[in-house]
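Chemist: The structure's right below; bear with me while I get my questions together.
FYI, it's all coordinate maths here, none of it is from the lab. What you see is a predicted model; the values in this text were computed from it and never measured. A quick note on method: Cβ atoms are made from the backbone with ideal geometry, for glycine too, and the neighbour counts reach across all protein chains shown.
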Amino acid sequence: MKTNEVSFYKTSKANFANTYLQTHILLRSLVLCVALGAASPGMAQPLQPSSGQALPSVDVYKSPECGCCKAWAEHLQKNGFTVILHDVNDVPAARKKLGMPNRYGSCHTAKVGQYLIEGHVPAADIKQLLKEQPKAIGLAVPSMPPGSPGMEGERSVPYDTLLVTQDGNSKVFAHH
Ligand SMILES: [Cu+2]
């Protein structure tokens, strides 16, 4: 009886620790997102590219309060894209309207050429997509992995950029 109690206790403790860790990571991401927003107020819209590369412009749909969305937009701008920011109150509705499956959802959704871009996708991956021109919906980095462009901070985690195929499935496009 004692042994069972101990093993039950250990299991619950492990589950609790796991849930706590996941919640902690999510909360930290959100806090960082808001902190970045407070740190970069009043960005002009649209953003002009810093170099003269001929890249299609990126329409970004984000909530007005999203700081990491702006930080990602700046990352694109630094890498030669013209970014047009659209503040929307309902990002999931914008995602649905554009056609990116909700399960790949992140804090912002975007369109470049014929492709949709969800979340903190590195500019290099978007350039690769535009070069390869695969038959696909576009690219997604679901959720908001710490260390991805616009989510820089003291901590980084490995993450994948997914190629979302026309049937709504996905495969790994790039490891980061
Ligand atoms: Cu974000």
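Chemist: Output the number of residues of region 81-115 satisfying the condition of being of a type in the set (Gly, Ala, Ser), touching a Leu at 6+ places or on another chain (Cβ under 8 Å) and closer than 23 Å to Pro146 by Cα. Spell out the reasoning first.
Modeler: Quick first cut of region 81-115, residues of a type in the set (Gly, Ala, Ser) only: 93-94, 99, 105-106, 110, 113.
Next, from what is left, pick out any that are touching a Leu at 6+ places or on another chain (Cβ under 8 Å): 99, 110, 113.
After this cut, where a residue has to be closer than 23 Å to Pro146 by Cα as well, the list is 110.
So the count comes out to 1.
Chemist: All but one of (1) within 15 Å of the ligand (Cβ to nearest atom); (2) under 24 Å from Ala94 (Cβ atoms) hold for Pro134; which doesn't?
Modeler: (1)
Chemist: Do you know which residues across region 149-166 are surrounded by 14 or more Cβ atoms within 10 Å (Cβ to Cβ), part of a loop (DSSP other than H, G, I, E, B) and in contact (Cβ under 8 Å) with a residue 60 or more places away in the chain? Write out each step before concluding.
Modeler: Pass one, region 149-166, residues surrounded by 14 or more Cβ atoms within 10 Å (Cβ to Cβ): 149-153, 159-165.
Next, only the ones that are part of a loop (DSSP other than H, G, I, E, B) stay: 149-153, 159, 165.
The answer is Pro149, Gly150, Met151, Glu152, Gly153.
Conditions (1) within 16 Å of the ligand (Cβ to nearest atom); (2) among the acidic types (Asp, Glu), marked per residue:
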site: Lys62; (1), (2): yes, no
site: Glu74; (1), (2): yes, yes
site: Lys96; (1), (2): no, no
site: Gly99; (1), (2): no, no
site: Ser106; (1), (2): yes, no
site: Val112; (1), (2): no, no
site: Val121; (1), (2): yes, no
site: Leu139; (1), (2): yes, no
